[in-house]
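Just so it is clear, none of the values below were taken in a lab; they were calculated from the coordinates. Quantities reported herein were computed from a predicted structural model and do not represent experimental measurements.
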Amino acid sequence: MRRLLSVTEERSAVTALAFDPGKAWRVHPQIALRDESFGALAYHFGTRRLMFLKSRTLVELVSSLEQYDSAQSAIDALIPESERTTYRRALARLAASEVIDVR
């Protein structure tokens, strides 16, 4: 399985399980995304953490979360069915790392 993001510091699995795709999510207000050829850099101004989103599709998904009623709706609209589990896991890791948060 291909990793879609690289985290400089992994959060616990318990935190990642707190991600609920049925809720409405957004890019955290303290995150700046910078487009790159590989995907994007995500910098958190509060924690000063830098993350690499290694997929243009993941960047599109994360950037469009606020346009949907839930993360699952965004995934259903943007991600092929065969890849949805991978992207749900990526969003859970991003939630644990405070790149995205609940609206």
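Just a few scattered comments:
- Cα Rg, Dmax (largest Cα-Cα span) when computed across region 33-103, Å: 11.7, 35
- Here the Karplus curve 6.51 cos²θ - 1.76 cosθ + 1.60, taken at θ = phi - 60°, turns the phi angles of region 40-46 into couplings of 6, 9, 10, 10, 9, 5, x Hz, with x standing for Gly and Pro.
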